[in-house]
Amino acid sequence: MISTNRETAPQPVAPLGAAWVAEALRLAGFQVRFLDLCFVRNPVVAVEAALAEFAPDGIALSVRNLDNCNFLAPKSYLPELREVVRAIKGHSDARVLIGGAGVSILPRQVLEYLELDYAVVGEGERAAVAFFGARDIDAAGRVPGVVRREGAPHRHGEQSRAQCVEPVAPCVDWVMPRLHRWIDAGRYLAREPVLPVQGKRGCAHRCLYCTYRRVEGESWRVRDPAAVVDEIIESMRQNSAGEFEFVDSIFNEPEGYLELLLEEVLRRGVKARFCASSLSPKGLTAQQLRLMERAGMTSLVITPESAAGATLAALQKGFDEDDVNRAAELLGRSRLRALWCFLVGGPEEDEETLGRTVAFLNRHVGSKDGAFITTGIRVYPGTGLHRLALQEGAVRADDDLLMPSFYFSPKLTPERARALLDSGVHHGRCIHLTDTQAPILGTLRRIGTAIGLPTPFWRYAGFAKGALGTWRGQGGTPVRRH
Ligand code: B12
Ligand code: SF4
């Protein structure tokens with residue numbers, strides 16, 4: 001298993017998905033070696049050395065990110081990945097399978113670009129076991145969830161699976177990912193003392209721009225809370241981790257699950273800190289926030305994306321301005337630190353709607369909180385946003401969208417949006433996506449971790465602004481491809 005992700009901004013993230021698939025392969029009886037490319041100096045050299053040492057029969061490539069989704073400073077990770085794939089092909093005849101979130105979103109395009117034959121869409125545990133266990137490459141290519149590149153070897157007359165991009169059958173029998181077995185968790189913990197944990201997969205909503213359903217599936221599938229807590233306790237012991245981030249698509253859905261999970265944390269007396277990478281404003285209650293505090297949650301990321309009704313409706317978020325304001329009132333009265341995420345420049349965004357978001361930022365992002373601003377929205381095939389972007393001429397019909405393409409409302413410009421935010425928001429608690437890519441932040445994170453600064457690190461954004469002074473400006477110009 002090769003985890004190919006080398007991005008370290010906004011922070012290096014432990015390869016939980018790759019570890020999960022590796023563990024499933026191990027439990028199925030394969031002898032598995034894990035190569036994490038995140039911190040290696042030269043990925044091609046590292047891969048060649050590992051191939052020489054281990055000589056695998058099968059190679060699983062995990063690709064989390066395709067690009068940085070940054071309209072103002074876009075960067076694709078695929079050219080570097082292609083070098084890695086070429087090194088693999090040059091040194092090994094092993095059966096290769098590629099998977100991961102990035103691959104699940106654009107499987108055919110990724111296969112074409114990398115000149116690989118087989119990819120998995122969605123969860124990898126079952127598909128990888130079946131693929132590597134298949135008696136021949138023909139049978140491997142027919143495993144549910146596996147997508148085949150056009151022209152890849154297959155039996156005469158058999159229907160090509162290149163068009164079949166349905167996610168693999170739901171993973172009902174969850175295994176435990178056991179990060180400690182696969183990665184050097186200490187290297188991640190030295191940069192931010194938090195490890196990821198996933199309590200559920202899927203999302204039943206259909207927001208206009210979103211790809212998560214492609215990666216995780218279209219319905220909620222929750223893990224037994226006891227198993228999630230077992231994993232946390234084991235990770236505290238094995239990795240010496242004290243804080244965990246729930247990376248579920250939405251932490252407070254489906255209804256009732258967060259209560260079961262956090263009650264289990266309390267029942268087992270787990271003394272850890274927790275945060276969550278995505279909460280919906282919809283249906284949030286004061287009781288839930290109190291339970292989160294009691295269970296050890298100290299911060300959360302909440303993702304309204306806009307505070308204006310018209311933009312929320314156009315993004316098909318399934319909640320309105322009142323829901324956002326009500327959630328803000330509740331969070332404002334709690335001890336939890338909230339990072340409010342906004343996508344600026346969505347459909348229907350204009351000076352009026354952005355003005356409502358600016359007013360929200362001034363009113364509700366208090367001294368314990370922060371706001372994270374992303375300008376422009378990455379367009380992916382098959383989404384409602386793609387259809388809209390085609391109608392409005394924001395992307396060309398022949399663009400396969402593998403290289404980053406973005407939507408930005410025709411009623412505003414990114415420069416004007418930034419000017420409105422800079423002049424309208426009366427505090428320094430807004431973090432822009434481009435700011436998080438400043439290399440100096442890596443050093444600040446390491447220092448923060450070494451001296452034991454309390455998390456979340458985004459709370460120090462105001463202090464880091466000086467260090468960012470020289471960096472800002474390098475990534476301020478939007479890139480329009482069409
Ligand atoms: C939580 C999250 C974050 C958190 C991570 C917190 C943490 N402590 O880990 C934060 C906010 C930090 C973050 C940052 C970024 N993220 Co993010 N993130 C996610 C999210 C919501 C969940 C990721 C996760 O951990 N899932 C849980 C694990 C278990 O699932 P998994 O990795 O997908 O693995 C499963 C399958 O993919 C598959 N699989 C994985 N590997 C393999 C290998 C093989 C061979 C096979 C067969 C299968 C397989 O099986 C696994 C188990 O079922 C996803 C969206 C999503 N729903 O997937 C986006 C997502 C992965 N992020 C994305 C991006 C772009 C980023 C950033 C680059 C954004 C930025 N510019 O800052 C950074 C990069 C950070 C980095 N260093 O890599 C994109 C990637 C797509 C793309 N366009 O490239 C996604 C898909 C969101 C999106 N826009 O659609 N992210
Ligand atoms: S944006 Fe969030 S709520 Fe909407 S479909 Fe995606 S994961 Fe679900």
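The values are calculated or read from the model by the stated rules, or taken from the named source; none is laboratory data. Keep in mind that what you see is a predicted model, and the values were worked out from it rather than measured. Backbone-built Cβ (ideal geometry, glycine too); neighbour counts: all protein chains shown.
Details
- Residue in segment 75-91 that is touching a strand residue (DSSP E or B) at 6+ places or on another chain (Cβ under 7 Å), buried (at least 21 other Cβ atoms within 10 Å of the Cβ), under 23 Å from C210 (Cβ atoms) and not polar (S, T, N, Q) present: no
- Pair list, Cβ < 8 Å and 6+ apart or interchain, from segment 239-250 residues that are free of Cβ contacts under 8 Å to residues at least 24 places away in the same chain and within 22 Å of S219 (Cα to Cα) to residues that are near ligand 1 (Cβ under 9 Å from one of its atoms) and not in a loop (DSSP other than H, G, I, E, B): none
Each row is one residue, and each column tells you yes or no for (1) of a type in the set (A, V, I, L, M, F, W, C); (2) assigned to a loop (DSSP other than H, G, I, E, B); (3) out of contact with any Cys (no Cβ under 7 Å at 6 or more places or on another chain); (4) crowded, with 20+ Cβ neighbours inside 10 Å.
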residue: G366; (1), (2), (3), (4): no, yes, yes, no
residue: F372; (1), (2), (3), (4): yes, no, no, yes
residue: G382; (1), (2), (3), (4): no, yes, yes, no
residue: A419; (1), (2), (3), (4): yes, no, yes, no
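- Among the residues making up segment 226-238, those that are buried (at least 17 other Cβ atoms within 10 Å of the Cβ) and either free of Cβ contacts under 8 Å to residues at least 40 places away in the same chain or among the β-branched types (V, I, T) (or both) are V228, V229, I232, M236.
- Against the test of being hydroxyl-bearing (S, T, Y) and more than 30 Å from S299 (Cβ to Cβ), the options S405, S423 yield a single qualifying residue, S405.
- Residue that is touching a residue at least 24 places away in the same chain (Cβ under 8 Å), in contact with a Ser or Thr (Cβ under 8 Å, 6 or more places away or on another chain) and not in a strand (DSSP E or B), where the choices are G442, G355: G442
- When segment 98-127 is filtered for residues that are within 21 Å of the chain's Cα centre (by Cα) and outside any helix (DSSP H, G or I), the ones remaining, listed by number, are I98, G99, G100, L106, A119, V120, V121, G122, E123, G124.
- Candidates in segment 103-146 are the residues that are of a type outside the set (S, T, N, Q) and within 16 Å of ligand 2 (Cβ to nearest atom); of these, the one that is farthest from W20 (Cα to Cα) is I105.
- The residue of segment 384-393 that is surrounded by the most Cβ atoms within 10 Å (Cβ to Cβ), among those that are under 14 Å from G346 (Cα atoms) and in contact (Cβ under 8 Å) with a residue 24 or more places away in the chain, is L385.
- Residue tally, condition of a type outside the set (A, V, I, L, M), closer than 22 Å to N70 by Cβ and surrounded by fewer than 21 Cβ atoms within 10 Å (Cβ to Cβ), over segment 394-405: 4
Yes or no, residue by residue, for (1) within 16 Å of ligand 1 (Cβ to nearest atom); (2) of a type in the set (K, R); (3) on the phi < 0 side of the Ramachandran plot:
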position	(1), (2), (3)
T285	no, no, yes
G296	no, no, no
E305	yes, no, no
A314	no, no, yes
D323	no, no, yes
L331	no, no, yes
L336	no, no, yes
L339	yes, no, yes
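- Only listed residue being in the same structural domain as L279 (by TED's automatic domain parsing), within 30 Å of L289 (Cβ to Cβ) and either modelled with pLDDT under 95 or within 16 Å of ligand 1 (Cβ to nearest atom) (or both), chosen from F406, F372: F372
- The lone criterion from (1) within 16 Å of ligand 2 (Cβ to nearest atom); (2) modelled with pLDDT of 95 or more left unmet by R214 is number (2).
- If the condition is being in contact (Cβ under 8 Å) with a residue 60 or more places away in the chain, near ligand 1 (Cβ under 9 Å from one of its atoms) and either of a type in the set (A, V, I, L, M, F, W, C) or part of a loop (DSSP other than H, G, I, E, B) (or both), then segment 198-208 contributes only Q198.
- Residues of segment 21-64 classified as crowded, with 19+ Cβ neighbours inside 10 Å and touching a His at 6+ places or on another chain (Cβ under 9 Å), total: 2
- Counted as qualifying within segment 1-97 are the helices (runs of 4 or more DSSP H) with 3 or more residues that are more than 12 Å from ligand 1 (Cβ to nearest atom), namely 43-54, 78-91.
- In segment 179-197, residue farthest from A314 (Cα to Cα) [restricted to those that are in a loop (DSSP other than H, G, I, E, B) and more than 13 Å from ligand 1 (Cβ to nearest atom)]: D184
- Set A60, A49: member being modelled with pLDDT of 95 or more, more than 30 Å from I377 (Cβ to Cβ) and in contact with a strand residue (DSSP E or B) (Cβ under 6 Å, 6 or more places away or on another chain): A60
- Residue among P414, P404 that is in contact with a strand residue (DSSP E or B) (Cβ under 8 Å, 6 or more places away or on another chain) and closer than 24 Å to R213 by Cα: P404
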